[in-house]
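Beneath this line is the structure, given in structure tokens, with notes to follow.
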Amino acid sequence: MVVFLTCCTKGRRPILANDVMHATIVEQWKRAAAWLVGRYVIMPDHVHLFVTPGELELPLENWVTYWKRMFARVHDTGQWQEGYWDYTLRVGQSYAQKWEYVRDNPVRHGLVHRYQDWPYAGELNVFNW
């Protein structure tokens, strides 16, 4: 199972797209190993990420709440919007195709000309989907 998630900052404050916030978010995802993060894009006011269950059994909602809380402890620069948007990829759907749409988000928002130039994106775990 692969789930596509979007989480937004409270009030859509544009505080996330910088090196410090990027590093903090990635560190929290690595520590919160109940769900594994695959590919991701961090935008100024929201994050897109693909996740799959890890070794521990924990509901997705609890995992999202946990890493948001841990992020807020490190950076008291605002809160995350309550909740998140999620979409479970179905068998036969292309993770690569969904990723292509997500990775182009900085281009569609006029932040870069090519998705390769956006520094706040990556892949923590490779999903064979």
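Read-outs throughout are calculated quantities, based only on the coordinates presented, and are distinct from any laboratory measurement. Fair warning: this is a prediction, and the values are worked out from it, not measured in the lab. Cβ placement follows ideal geometry from the backbone for every residue including glycine, while neighbour counts extend to all protein chains displayed.
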Legend entry - Value of relative contact order over region 15-56, rounded to a whole percent, pairs C-alpha under 8 Å and six or more apart: 39
Legend entry - Within straight-line cross-link reach of residue 68, aspartates and glutamates at Cα separation under 13 Å, skipping those fewer than 8 residues along the same chain: 27, 76, 82
Inset, instruction - Let me have the 222 nm mean residue ellipticity of the chain computed from DSSP H runs of 4+ only, each contributing -39500 (n - 2.57), with the sum over all residues rounded to the nearest 500. - result: -9500 deg cm²/dmol
Legend entry - Cα centroid separation - region 13-77 against region 88-129, whole Å: 16
Legend entry - Given 12 as the ceiling on other Cβ atoms within 10 Å, longest exposed-site-free region of the chain for GluC sites (Glu not before Pro) in DSSP loops: 1-54
Legend entry - Among (i) 37, 34, 21; (ii) 101, 27, 23; (iii) 45, 29, 25, the entry that matches Cα extents along the principal axes in Å as calculated here: (i)
Legend entry - Mean separation of Cα contacts under 8 Å (6+ apart) over length of region 12-123, as relative contact order %: 29
